[in-house]
Amino acid sequence: MAELKFNNVVKQFGKTEVVHGINLDIKDKEFIVLVGPSGCGKSTLLRMIAGLEEISSGTILIDNKIVNDIAPKDRGLAMVFQNYALYPHMNVFNNMSFGLTLMKTPKEEIKQRVEEVGHILGLEDLLLRKPHELSGGQRQRVAMGRAMVRKPSIFLFDEPLSNLDAKLRIQMRAEIKLLHQRVNSTMIYVTHDQVEAMTLADRIVVLKDGHIEQVGTPLDLFSKPVNTFVAGFIGTPPMNLVECKINKEQDATFIQFEGGLRLPVPDKKGIDLSSDQKMIFGLRAEEIVPVDTRTQLPKEWMFKGNVMVFEPLGNETQLHMDIMGVRMMSRSEGRRIIRANEEINLGMNLNEMHLFDAKTTRVVY
């Protein structure tokens with residue numbers, strides 16, 4: 001069992017506060033991903049869990065035990081760093097067993113643990129090789145294996161895939177997810193890559209400037225962002241976010257854009273928008289699609305748009321559109337041939353739109 005709790009955790013470097021009163025509960029065996037732009041405090045949080053950074057105030061608890069003053073080696077954790085940090089003069093076996101040797105674990109147990117982990121990670125034929133004889137993915141697996149042999153209660157990953165090429169990152173993402181299923185331990189993973197966050201996490205913690213913006217499952221964050229930062233950070237491509245104003249005419253409510261585009265607002269219970277209220281309209285690219293005979297949307301949700309740029313990806317094509325002076329991203333089937341400067345009919349699924357307050361950036365619809 002390895003539950004982790006942050007209670008009002010603050011970190012200061014000198015007089016500068018970089019982590020501002022973090023409160024977070026992580027359940028036993030949960031895979032949590034801390035995601036955010038550079039400088040948001042995610043690696044600092046990870047290092048405070050590991051005991052590599054002192055906490056300025058607040059408490060961190062592991063299984064309801066405060067660990068603020070407990071040495072890193074006594075916390076029952078294992079950390080996988082961004083760089084592999086392997087000893088170049090040692091072979092794979094000795095790199096993986098180094099921590100156990102320092103703990104004076106019996107040799108037979110060391111051999112058993114290393115061979116068991118080597119089999120799980122597909123390293124059984126590489127145990128006598130040295131790091132310079134391995135590929136980047138193999139080295140990263142050795143770093144993971146070094147953590148696994150210790151049988152920690154919590155695994156900490158600090159951007160472990162950022163040094164790998166795109167194809168290898170995809171492969172290693174699957175390896176890490178399989179690892180979580182096999183070892184069934186709590187895992188905390190830091191990344192700036194929201195694709196990694198979406199594909200790996202049970203829950204995602206979105207950080208900005210040392211504050212938690214939102215915590216939730218990948219689908220919760222994708223479909224119910226609490227503000228424009230989360231809406232723009234989670235999802236590829238990011239959500240379309242466009243400034244607009246609310247217009248009311250009799251019993252109908254409309255969104256008015258500067259270029260002349262006007263959209264009806266579907267009724268939602270308990271939501272009352274004020275006329276002339278400044279808002280930010282949000283709609284994901286997959287909810288703006290070229291119209292065909294299968295499209296089942298109201299006519300007032302359909303518009304003509306001009307293709308400014310098209311990006312074919314094979315399975316889909318991403319379209320940069322000009323819709324009556326408003327720039328938005330759209331998605332089309334990959335097999336459909338669309339050219340720049342072509343005018344096409346688009347349908348918007350306005351049931352999936354979001355409205356954010358222009359001042360606070362918080363979601364209101």
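Take the residues in the range 157-207 that are modelled with pLDDT under 85 and basic (Lys, Arg), then tell me which one is surrounded by the fewest Cβ atoms within 10 Å (Cβ to Cβ).
Checking each candidate, the answer is Lys167.
How many residues does the range 25-81 hold that are more than 14 Å from Asn8 (Cα to Cα) and outside any loop (DSSP other than H, G, I, E, B)?
The number of residues fulfilling the criteria is 21.
In this structure, does Met90 turn out to be part of a helix (DSSP H, G or I) and in the same structural domain as Phe229 (by TED's automatic domain parsing)?
The answer is no for Met90.
Looking only at residues that are assigned to a loop (DSSP other than H, G, I, E, B) and within 26 Å of the chain's Cα centre (by Cα) in the range 284-314, which one is modelled with the highest pLDDT?
Arg284
Since Met353 meets every condition but one in (1) under 25 Å from Ala231 (Cα atoms); (2) surrounded by fewer than 18 Cβ atoms within 10 Å (Cβ to Cβ), which condition does it not meet?
(2)
Residues Ile280, Ile288, Ile338: which one is touching a residue at least 40 places away in the same chain (Cβ under 8 Å), farther than 30 Å from Lys248 by Cβ and of a type in the set (A, V, I, L, M)?
Of Ile280, Ile288, Ile338, the one residue that is touching a residue at least 40 places away in the same chain (Cβ under 8 Å), farther than 30 Å from Lys248 by Cβ and of a type in the set (A, V, I, L, M) is Ile338.
I'm checking my understanding of the structure. Among residues of the range 1-43 that are more than 21 Å from Ile66 (Cβ to Cβ) and of a type in the set (Phe, Trp, Tyr), which one is farthest from the chain's Cα centre (by Cα)?
The residue in question is Phe13.
Filter the range 329-349 down to the residues that are assigned to a strand (DSSP E or B), farther than 14 Å from Glu311 by Cβ and not small (Gly, Ala, Ser) and list them by number.
Selection gives Glu343, Ile344, Asn345, Leu346, Met348.
Run Leu273 past the list (1) assigned to a loop (DSSP other than H, G, I, E, B); (2) within 30 Å of Leu156 (Cβ to Cβ); (3) not small (Gly, Ala, Ser) and report the number of the one that doesn't hold.
Every condition holds for Leu273 apart from (2).
Would you be able to say whether some residue in the range 213-228 is of a type in the set (Gly, Ala, Ser), modelled with pLDDT of 95 or more and farther than 15 Å from Glu159 by Cα?
Within the range 213-228, one or more residues are of a type in the set (Gly, Ala, Ser), modelled with pLDDT of 95 or more and farther than 15 Å from Glu159 by Cα.
Which one of the conditions (1) of a type outside the set (Ser, Thr, Tyr); (2) part of a helix (DSSP H, G or I); (3) at pLDDT 85 or above does Leu126 fail to meet, given that it meets all the rest?
Going through (1) of a type outside the set (Ser, Thr, Tyr); (2) part of a helix (DSSP H, G or I); (3) at pLDDT 85 or above one by one, Leu126 breaks only (2).
Looking at (1) in the same structural domain as Leu350 (by TED's automatic domain parsing); (2) farther than 13 Å from His354 by Cα, find the lone condition where Pro266 falls short.
For Pro266, the exception is condition (2).
The values are calculated or read from the model by the stated rules, or taken from the named source; none is laboratory data. Please read all numbers here as calculations on a predicted model, not as lab measurements. Quick reminder, even Gly has a Cβ in these numbers, built from the backbone with ideal geometry, and neighbours come from all protein chains shown.
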